[in-house]
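Here it is, the structure, as structure tokens.
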């Protein structure tokens, strides 16, 4: 299995926690493991009509994700480093998670946010948050 396909499958599992991971999985299936910022551009005035546009990002940029009102017109900045890892962030609004994948598409690291949470995460313990994502990935 190729790395983009493996990453996409992992993101689909994580989408059970963060819906934006499913959007990013769709993008990875279309363009692969990109290095830069992809933004959704609405076209023809239709909510479901549009395309993703890739823009370069400066060196040292961190992965990010955002959306208007927490869901509309999403954008993702994903970063590929010379040490052969691919970093992305999923989540919109207050809570997010940075995921790091190796060149084979295997997940290397999970870094959840550290903002207080009783609703999204159900815990303020980052180790427990990491375990939540790991359980989704391994399911």
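Derivation of every value follows stated rules applied to the coordinates shown; laboratory data play no part. This one's a predicted model, so the numbers in the text were calculated from it and none came from an experiment. Note: ideal-geometry Cβ built from the backbone for every residue, glycine included; neighbour counts use all protein chains shown.
Answer rounded, prolate or oblate for the range 3-138, using the Cα gyration tensor with square roots of eigenvalues a ≥ b ≥ c: rounded when a/c is under 1.5, else prolate when a/b is larger than b/c, else oblate.
Judged from the Cα gyration tensor, the range 3-138 comes out oblate (a/c at least 1.5, b/c at or above a/b).
Also: Treat the count of other C-beta atoms within 10 Å as a stand-in for reagent exposure and order 115, 12 from fewest to most.
If I rank by nearby Cβ atoms, fewest first, I get 115, 12.
In a Gaussian network model over the chain where Cα atoms closer than 10 Å are linked, find which of 107, 83, 23 has the largest mean-square fluctuation.
83
I want to verify a result. In a Gaussian network model of the chain, Cα cutoff 10 Å, which of these has the top mean-square fluctuation: 91, 105, 122?
Per the Cα network of the chain with a 10 Å cutoff, 122 tops the list.
Okay, next question. Once you've got the GNM for the chain with C-alpha springs shorter than 10 Å, pick whichever of 54, 33, 11 has the biggest mean-square fluctuation.
Among 54, 33, 11, the largest GNM mean-square fluctuation belongs to 54.
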